[in-house]
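Enquirer: Before we start, here is the structure in question, set down as structure tokens.
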Amino acid sequence: MDTEFSVSFGLNEDVRLCEAAATACFECIDALELLLSRFNDTSDVAVIRGLRPGQVATLARETMDVLVLSAQVCAATGGAFDPTVGPVMDRLREQGACWEAVTGDVRAEAFARGGMQRLVLDVDHLRVAVKEDRWGRPTPLELDFGGIGKGYALDACGELLRSEQFELSDWLLDAGSSTQLLSGGPWSLGVGGKWKARTRLDTVLRLSDGALSGSGFEIQGQHVVDVRRKGAAARWAQTWSRAGSAAVADALSTAALALDARELSAACAALDARVLVAREQRPFLDRLRDPLAWFGGAS
């Protein structure tokens with residue numbers, strides 16, 4: 001998942017219990033990394049990559065959960081969220097995240113190899129198969145869970161902290177400062193970077209439960225893929241999403257970068273979430289229109 005994880009606990013929690021719980025969380029994250037990383041040759045993602053049409057593989061329950069969640073967010077966002085963009089991400093990384101350097105032919109070929117419709121899931125028996133790609137070829141299906149994996153890991157850790165083993169209720173889990181899952185508190189979370197000083201909205205949230213996730217371009221450039229327009233997802237300068245699940249918040253903040261206002265409202269309604277977007281505009285316009293805007297009802 002290529003990010004740093006941390007866990008914080010409320011002052012009234014037992015210190016020794018918290019230390020044991022933190023260790024258990026990091027072990028859980030390491031186990032999920034082995035399952036979900038596309039750079040691990042023994043992961044479930046690698047197993048799926050090795051499938052050809054007509055072949056079937058059995059997955060871990062966690063991998064199937066991520067695939068089902070991905071399909072749900074994909075449907076709710078009209079296809080804007082799609083983890084089958086591995087070939088596109090590879091071509092983009094080869095060109096230093098410069099979309100202009102990826103030629104039209106290379107881009108078309110990479111996008112043709114993806115698509116959630118290529119997956120055939122047997123959820124009850126934890127089995128998966130793949131179909132031919134958009135051009136009728138038996139190409140490998142390369143998944144990239146970069147937009148949902150860290151959120152799913154936080155959800156798994158949250159279940160662990162709430163379990164009978166620990167029964168902890170006051171904590172905050174963080175993945176790379178971009179996705180958080182929390183309980184108890186309330187914990188103060190808000191917009192950072194250049195937007196913190198430019199907005200007139202009350203963007204500091206005091207949250208007692210749920211998840212918050214943000215996506216943008218300040219650190220990694222235009223690394224988010226708009227599968228529908230076959231280019232960079234850059235409708236908004238930055239997005240944040242709030243949901244009950246960290247995996248949903250993680251995926252929705254990613255997809256939101258490609259969604260217009262109507263699509264954002266529909267996605268929020270379908271996923272019981274809220275999205276905050278930042279418009280790219282000249283600072284002098286901030287006096288006339290706040291660069292940040294909320295979509296969706298209370299989550």
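Enquirer: Name the lysines eligible as straight-distance cross-link partners of LYS194: C-alpha to C-alpha under 26 Å, and not fewer than 8 places from it in the same chain.
Expert: LYS150
Enquirer: With semi-axes √(5λ) of the Cα gyration tensor in Å in mind, check (i) 27, 26, 18; (ii) 31, 22, 18; (iii) 30, 27, 16 and report the label derived from this structure.
Expert: Checking each listed value against the structure points to (iii).
Enquirer: Based on DSSP H assignment, which helices of the chain show an axial Cα extent of at least 27 Å together with a mean Kyte-Doolittle hydropathy greater than or equal to -1.0?
Expert: Going by DSSP H runs, the hits are 15-36.
Enquirer: Hey, another quick one. Can you give me the relative contact order of region 20-132 as a percent, contacts being Cα pairs under 8 Å and 6 or more apart? Mind showing how you got there, number by number?
Expert: Numbers: 113 pairs, mean separation 33.1, N = 113.
That works out to 29 percent.
Enquirer: Compute, for region 106-230, the length of the dipole vector about the Cα centre, with Cβ point charges of +1 (Lys, Arg) and -1 (Asp, Glu) only. Units Debye, rounded to 20.
Expert: Here the size comes out at about 920 debye.
Enquirer: Straight-line reach from LYS196: which aspartates and glutamates have a Cα under 15 Å away, not including same-chain ones fewer than 8 places off?
Expert: Of all the aspartates and glutamates, those that pass the test against LYS196 - Cα under 15 Å, at least 8 places apart if same chain - are GLU218, GLU280, ASP286, ASP290.
Enquirer: Any lysines with Cα under 23 Å of the LYS230 Cα? List them, leaving off those in the same chain fewer than 8 positions away.
Expert: LYS131
Enquirer: Oh, and also: Do any cysteines in the chain lack another Cys Cβ under 4.7 Å, and if so which?
Expert: CYS18, CYS28, CYS74, CYS98, CYS268
Enquirer: On to the next question. Out of the total accessible area of the chain (probe 1.4 Å, heavy atoms of protein only), what percent is carbon and sulfur?
Expert: Roughly 51 percent, rounded to a whole number.
Enquirer: Let me understand region 150-299 better: what is its radius of gyration from the alpha carbons, and its Dmax, in angstrom?
Expert: 15.6, 54
Enquirer: Related question: Calculate for the chain the 222 nm mean residue ellipticity that helices alone would give, adding -39,500 (n - 2.57) per DSSP H run of length 4 or more and normalising by residue count, nearest 500 deg cm²/dmol.
Expert: Numbers: 9 runs with 103 residues, N = 299.
About -10500 deg cm²/dmol.
The values are calculated or read from the model by the stated rules, or taken from the named source; none is laboratory data. Note that the structure is predicted; figures quoted are calculated from it, not measured. Neighbour counts run over all protein chains shown; Cβ positions are idealised from the backbone, glycine included. The protein model used for the area step is the full one, side chains on, heavy atoms only, and it has no ligands, DNA or RNA in it. Shrake-Rupley method; radii C 1.70, N 1.55, O 1.52, S 1.80 Å.
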